[in-house]
1. What list of ³J(HN,Hα) values in whole Hz, one per residue of region 363-373 in order, does the Karplus curve 6.51 cos²θ - 1.76 cosθ + 1.60 (θ = phi - 60°) give from phi, with Gly and Pro shown as x?
2. Between T93 and A4, what is the FRET efficiency for a Förster distance of 41 Å, r being their Cβ-Cβ separation, to the nearest 0.05?
3. Given a 1.4 Å probe and heavy atoms of the protein chains only, how would you sort E275, E36, E84, largest accessible area at the top?
4. Pop out the carbon and sulfur fraction of the accessible area of the chain as a percent, whole number, probe 1.4 Å.
5. Express in Å², to the nearest 10, the accessible area of I35 obtained by rolling a 1.4 Å probe over the protein heavy atoms while all chains stay in place.
6. Expressed as an acute angle from 0 to 90° and rounded to the nearest 10, what is the orientation of the C-alpha long axis of helix 335-352 relative to the principal long axis of the chain?
7. Under a point spin-label approximation (7 Å from Cα along Cα-to-Cβ), what is the D264-H180 distance to one decimal in nm?
8. To the nearest 10 Å², what's V80's accessible area with a 1.4 Å probe?
Amino acid sequence: MAWARRIAIIGGGVIGSAVAAFLGEPGAGERVVVIERDPTYRGASSALSASSIRQQFSTPINIAISQYGIAFLREVRGEVGLVEPGYLYLADTAGRSALARQHAVQRRHGAPVALLAAAELARRFPWLATDDLTLGSLGLCGEGWFDGYALLQLFRRRALSAGARYITDEAIGFERKGGHIGAVRLAEGGRLACDVVVNTAGPWAGHVAALAGIELPVKPRRRSIYVVDCRERPSGMPLVIDPSGLWFRPEGAYTICGVPPEDDPDEPPLDCEWERFESVVWPALARRVPAFEAAKLVGGWAGYYDYNTVDQNGIVGPVPGLDNFLLANGFSGHGLQQAPAVGRAGAEWITAGRYETLDLSPLGYDRFAQGRLLREDNVI
Ligand SMILES: Cc1cc2nc3c(=O)[nH]c(=O)nc-3n(C[C@H](O)[C@H](O)[C@H](O)COP(=O)(O)OP(=O)(O)OC[C@H]3O[C@@H](n4cnc5c(N)ncnc54)[C@H](O)[C@@H]3O)c2cc1C
């Protein structure tokens, strides 16, 4: 039977394209229109991401989403360049008990991680300064990085070949009657009649939700990534998370790195914060890996996190009071790795009216009103 309901997806980044691609599987592809205002994806998170995947979360739902994500990425490994050198979380005295606690949760939920004492860290990673470290948590498999833009394009191709249409336009309003949205109003003057609307507008999802009268705590928050060259870069480097908040990992012949922001304004210009390299990033890098004293800054960029200001986790699913509006937003720095699971879950919710593969109800919007926030300790 042909799929009857018309589905409008607002935002054609990795999340919107993943939903569109998975909608193709039960044959709903031809009824899907993806509204994307900038098909070059210049400012989209999906094109400016560090594109890494880890199992080391502190909540069972995020671990389960990553398990689905890595299984998917392994199936398309050749197309997205997945590598799995692991994540290495480091703890000093202050962070030791939190790391051990998270380790217990991860092991209970099947994440292959190992706790390493300082002496073991020094033995396995001789290039690391371990004098102030008490513990490390190393992902043994299922963690690494990939080409995030290639993943976006893979979903987009699958969506297109299932019959979805991408239109270049901007959603600027909705025709809403009571608890139902009948059409999306477009900047070019048109209207798109629809039976289901999916908000996948990434960092701008709060704005799109507001057009429908919904308060969604998602803001564009800038994160800068620095690219450094180091002639004697140590080999066998995982993605390292330092107690200072610094993270770094290999990227081809280079190393990319970043630190958490000092203040965190909403939607500042998308300019890399170059001045922080010399004052914050480089000292932290050289402190943890002395070989990086010889590192040279060769590039960098900034992108927006789709930042959930309440509990820094995805907000996925329906909105109470609106019967045909679906959210898939707020991933706060872990949206690329969550795209396969969220895309599938979103498609299931639309076509079957429930989650079938993975129950994403802990990510529901209703958690805010019900006071069951989803606190994730490991937000990078
Ligand atoms: C610096 C950085 C590092 C990151 N590192 C990682 C990482 O290591 N691992 C990880 O998993 N995630 C990471 N992330 C997060 C991840 O990239 C995002 O969570 C993910 O890409 C979000 O995808 P999206 O499709 O929701 O948003 P986007 O890719 O931003 O797509 C949203 C799209 O919506 C369009 N749009 C917005 N409003 C409208 C409108 N009104 N009408 C039409 N179109 C509209 C935009 O043009 C955009 O193309 C990182 C992000 C950044 C910025």
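The values are calculated or read from the model by the stated rules, or taken from the named source; none is laboratory data. Computed from a predicted model, the values in this text were never measured in an experiment. Heads up, the Cβs are rebuilt from the backbone with ideal geometry, glycines too, and the neighbour counts pull from every protein chain shown. We work out accessible area using only protein heavy atoms, side chains counted, and drop any ligands, DNA or RNA first. Shrake-Rupley method; radii C 1.70, N 1.55, O 1.52, S 1.80 Å.
1. After applying 6.51 cos²θ - 1.76 cosθ + 1.60, I find 8, x, 4, 5, 5, 5, 5, 8, x, 10, 5 Hz.
2. Working: r = 61 Å, r/R0 = 1.49.
After rounding, the FRET efficiency stands at 0.10.
3. Values: E275 125, E36 25, E84 50 Å².
Putting E275, E36, E84 in descending order of accessible area: E275, E84, E36.
4. Details: 7850 of 15360 Å².
Carbon and sulfur atoms account for 51 percent of the accessible area of the chain.
5. Looks like 0 Å² after rounding.
6. The two axes meet at around 30 degrees.
7. Label at D264, label at H180, 4.0 nm between them.
8. We get 0 Å² for V80.
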